[in-house]
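Below is one structure, written out as structure tokens, with a few remarks after it.
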Amino acid sequence: MTEAIPASAEGIARAAAMLCDGRLVAFGTETVYGLGADATRASSVARVFDAKGRPHFNPLICHYPDAVRAFVHVVANETAHRLAEAFWPGPLTLVLPRRVTCPVALLAGAGLDTLAVRVPQGDTVQALLTACGRPIAAPSANRSGQVSPTTADHVMEGLAGRIDAILDSGPCRVGVESTVLDLTGPRPFLLRPGGVTREAIEALIGPIGAGLSLAQAEASRGLRSPGLLVSHYAPGLPVRLHVTEVAADEALLAFGPPLPGGCAMFQLSLAGDPVEAASRLFEGLRRLDGPPSKGIAVMPIPASGLGAAINDRLQRAAAPRGSSEPA
Ligand code: TXA
Ligand code: MG
């Protein structure tokens, strides 16, 4: 059952309590409705991918009530401060380096060392984020491949029964998603045009790179910074998939009852639940990536549901190194 919650003071408090409790609550922003989850809880973030049927672990935007709280989790340069001053709250998302202390679940950022942060505008969303007191990860609240929703009814049509609640703040004012600007490269780069125009941004900070598709943009960012050739996290150790036996010097990434052997083990989901496994995937790859193991052996994971996304990421992690294909 998906509960429709009115945007009254009690409704906002209830929606915030549900989010803090790990549940999925869609909410209106000035751009489109987002499907919110506590960004610090990997299990809730995994449920977002599952509810949307998102085929890949695309990184999610983290929402904050103000710039001060956003910049506690990322390293903001002078350009970021100027943009925040001019456009926040508003439809601009900034991609910045994650701080080591950032508590956002690795899955929310798809294992990247960057994080997309945004301060949305609107009384209801502002009150909600303030009441939550933690970052809220939220992609657009539609089934994967469908158009973004701009009313609570749209969200209900796509996600009824798959999420816990919708906080109804009426139709969205802007109606297209936020502009996504990458500030981690040598110069600002427009990854997605959106609610704040390129002209408005350039009037403030000068020329920015743009004009490429997101995939091309990711590739070009990779070329400028070779460490980012594969944009999603790839471990340093070689990765072997679909294993049925584990060598003594390998670390095992287990799914279900673990195979014997190996020198280390991380359990993705003893019960064989792909949602739980997704929430632990990036954590597991990181934990196992180092001595004494010489490689990471991964047990087979069924390809259904979130298993497709898990297998997609594992295949990238296992791909020959130096591949120039953007992830
Ligand atoms: O207006 C919006 O931005 C809405 C509302 C709900 O805030 N959200 C939204 O989220 O459109 P989503 O997940 O549908 O789109 C997020 C975009 C994706 O293209 C994703 O790849 C990109 O932002 N993105 C997120 N984190 C990123 C990162 N660390 N680096 C590069 N791109 C990132
Ligand atoms: Mg979307």
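Rule-based calculations on the coordinates, nothing more; no lab input. Worth saying up front: this structure is predicted, and the values here are computed from it rather than measured. Because the Cβ atoms are built from the backbone with ideal geometry, glycine has one as well, and the counts that use them run over all protein chains shown.
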I need the calculated FRET efficiency for the pair residue 294 and residue 157, taking r as the beta carbon distance and R₀ as 41 Å, to the nearest 0.05. 0.20
Descending Cα extents along the principal axes, segment 102-167, whole Å: 34, 29, 19
Treating segment 1-99 as a set of equal point scatterers at the Cα positions, no solvent, please give the Debye-formula log₁₀ I(q)/I(0) at q = 0.24 Å⁻¹. -1.38
Tell me, in nm to one decimal, what length is gained between residue 203 and residue 270 on full extension, where the rule is 0.36 nm per residue of separation less the Cα-Cα distance? 18.7 nm
For the chain, with the dipole built from +1 on Lys and Arg beta-carbon atoms and -1 on Asp and Glu ones, taken about the Cα centre, which of 303, 48, 288 lies farthest toward the positive end? 288
With each label point set 7 Å from Cα along the Cα-Cβ vector, what nm distance links residue 20 and residue 56? 3.6
Computed over the chain, the relative contact order (Cα-Cα under 8 Å, seq sep at least six) in percent reads 21
What distance in nm separates the simple spin-label points at residue 72 and residue 244, each placed 7 Å from Cα in the Cβ direction? 5.1
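Just to check, using Stokes-Einstein with a Kirkwood Rh over alpha carbon pairs, what's the diffusion coefficient of the chain at 20 °C and 1.002 mPa s in µm²/s? All intermediate terms of the calculation are to be shown ahead of the outcome.
Working: Rh = 20.3 Å.
In µm²/s, the coefficient is 105.
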